[in-house]
1. How far is helix 88-98 tilted, in degrees, relative to the longest principal axis of the Cα atoms in the chain, given as a value from 0 to 90 rounded to the nearest 10?
2. How big is the gap, in Å, between the Cα center of region 34-48 and the Cα center of region 63-119?
3. Can you compute the modelled spin-label distance between Asp127 and Thr2, with each label point 7 Å from Cα toward Cβ, in nm?
4. Could you give each residue of region 138-153 its phi-based ³J(HN,Hα) in whole Hz, using Karplus coefficients 6.51, -1.76, 1.60 with θ = phi - 60°, and x for Gly or Pro?
5. Taking each pair of different alpha-carbon atoms in the chain once, compute 1/r for the pair, average those values, and report the inverse of that mean as the Kirkwood hydrodynamic radius in Å to one decimal.
6. Considering only protein heavy atoms, what per residue accessible area in square angstrom results for region 1-116 with a 1.4 angstrom probe?
7. Mind ordering 76-83, 13-20, 48-55 by average Cβ neighbours within 10 Å, highest first?
8. Tell me which residues come under 5 Å, amide H to amide H, from Trp135 once H is placed; ignore anything under 5 positions away on its chain.
Amino acid sequence: MTIPTSRAELRDAIAAEFARLDADLERVPPASARESVLPGHVKGTTMSPADLVAYLVGWNEQVLTWQERRAAGLPDEFPAPGHSWGDLGSLAQQFYREHEDESWEHLRARLTVAKDRILALVDARSDAELYGSPWYRTWTMGRMISLNTSSPYRNARTRIRRWLRTL
């Protein structure tokens, strides 16, 4: 899939990648959702399908937090308070911990809600707002959204599908 460069392309990429991922998540046996069967986001670790969804929820909600902080005139906290871009593995593990007590169904529902909120955010922005100028360093707002939604959805789908083939 090409990198989105307009609001319509971004919306289509998020919706399409999410729909494909969601169809594969539907195939995960709920009894296996908390089994550590996938390579983790830190080298040498494993995670469960639920951890993978928690990771996606974490990043989707982080995108929304960035937007909310900007709208409120608060300083940016990239990627998240207490974390640097060079140590995203620890942020992934934080996302796993934050959602470890949530059911598979709740995690999936929470991801859907976050995705829907991001689509509403995209719909409320013009092409110029999303892609007309840098929003964070050299990245446009649209690219930052894509990097934390459609791209990880595609990566997660690859991980889930690889594991599902072993069942």
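The values are calculated or read from the model by the stated rules, or taken from the named source; none is laboratory data. Bear in mind the structure is a predicted one, so any value in this text is a computation, not a measurement. Using ideal geometry, Cβ is built from the backbone for each residue, glycine included, and neighbour counts are taken over all protein chains shown. We work out accessible area using only protein heavy atoms, side chains counted, and drop any ligands, DNA or RNA first. Shrake-Rupley method; radii C 1.70, N 1.55, O 1.52, S 1.80 Å.
1. 70 degrees
2. 19 Å
3. Each label point lies 7 Å from its Cα, and together they span 1.3 nm.
4. 9, 8, 6, 4, x, 5, 4, 5, 4, 4, 10, 9, 4, 5, x, 4
5. Numbers: mean 1/r = 0.0610 Å⁻¹.
Across the chain, the inverse of the average 1/r is 16.4 Å.
6. On the way: 5710 Å² over 116 residues.
For region 1-116, the solvent-accessible area averages 49 Å² per residue.
7. Numbers: 76-83: 13.5, 13-20: 18.4, 48-55: 25.0.
Output ranking for 76-83, 13-20, 48-55: 48-55, 13-20, 76-83.
8. Thr140, Met141
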